[in-house]
Amino acid sequence: MANTSPSRLFQLPAALRSAALSTSLAPTLSRTPKPLVPATTPSPGRAYATATLPPPPAQSSVNQAEVSHFNTLASAWWDPHGSSRLLHLMNPLRHDFIRRCTNQEVRDPNEKLHYLDIGCGGGIFAESAARMRNVSTVTAVDPTPEVIAVARKHQRVDPTLLEPGKLTYLQTSIEELSRQKEVRQQYDIITLFEVIEHIQQPSPFLQSILKHLKPGGWLVGSTIARTPVSWFTTKLMAEEVLGIVPRGTHEWSQYIQPQEMRDWARQQKALSTSEGVGWQVMGVVYVPGIGWKEVRGSESLGNYFFGMKKRDDAE
């Protein structure tokens, strides 16, 4: 019964369906948090692109299965009613959360910030950030060739985004970023939206990001907690039943609990993780017909934003 697929659960009698669901979720009920470590295998049944991709460099965080999967979704990235609809709806909350983090300290109102958007996809957030008055430059990176091509094409629709240095898209991994001549040494804000749950080795991946963050800067991201609720909403309902997210987009075993994220941050000497000053978290819930809304305390159930600040005296 434990191997009953989500698509067959609704074919079972109510009592058996309840038992199957409980058995499927049993591993999540342990009170011992999982460490920030990789899942060992990619999701089975995922639709892959047929293009042959070059192998990633040694120690790269790039997962070829993930790259192939998102290549297949590239053409619909800017369709607000397509497979990226939930990302379009979430974008305003991304900016709200960044302001919540940066408002913790007094800043020069004339200061222009430099952003690095990792896993930028087709550029939904990168474009919106580049249009902000307090942003000087946005460097947006993604290892997926077809989504970078989509991002660059959409960039040409707005002439203001074509000003030199305003918005730069690079097809690269974070490990290879330092070799790109277009990049800065460090950034004020580094964003990581809906990315970390697609990384099989999240700890070294996050550590490789910190060297690109300026002292006093913020690493801001969003991801999903690994709970029975998130399995039900993101895997069963969103992918299998409603189809509002392409099947195979998420690997539930790679979701990360907020406490696991904070425990990792506390182990990094370069980070300041005091509550409200160096660490921020915000739970969000998708409400059909309305969009994403902040719900206090919901970070322990499903989608959430996290923010961690680099110490002012860190290198």
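Below are the figures for this structure:
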item	result
Those aspartates and glutamates that a straight Cα-Cα span of less than 15 Å connects to K211, excepting residues fewer than 8 apart in one chain	D117, E175, E176, D188, D312, D313, E315
Footprinting exposure proxy for K235, K293, K181, K309 (fewest neighbouring C-beta atoms within 10 Å first)	K181, K293, K235, K309
Point-to-point label distance, A76-K181, nm (Cα→Cβ direction, 7 Å offset)	3.9 nm
Alpha carbon Rg of the range 58-310, scaled by the compact-globule rule 2.2 N^0.38 Å	0.95
Set of aspartates and glutamates near K153 by C-alpha distance (under 13 Å), chain-local residues within fewer than 8 positions excluded	E127
Highest average packing first - 76-82, 190-196, Cβ atoms within 10 Å	190-196, 76-82
Residues whose placed amide H lies under 5 Å from that of V284, excluding near-sequence neighbours	V295, N303, Y304, F305
Spin-label model distance (nm) - I244 vs R262, 7 Å beyond Cα toward Cβ	2.8 nm
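No value in this document is a laboratory result; all are computed from the given coordinates. Only a predicted model underlies this, so the values are computations on that prediction, with no experimental measurement involved. Positions of Cβ are generated from backbone atoms using ideal geometry, with glycine treated the same way; all protein chains shown enter the neighbour counts.
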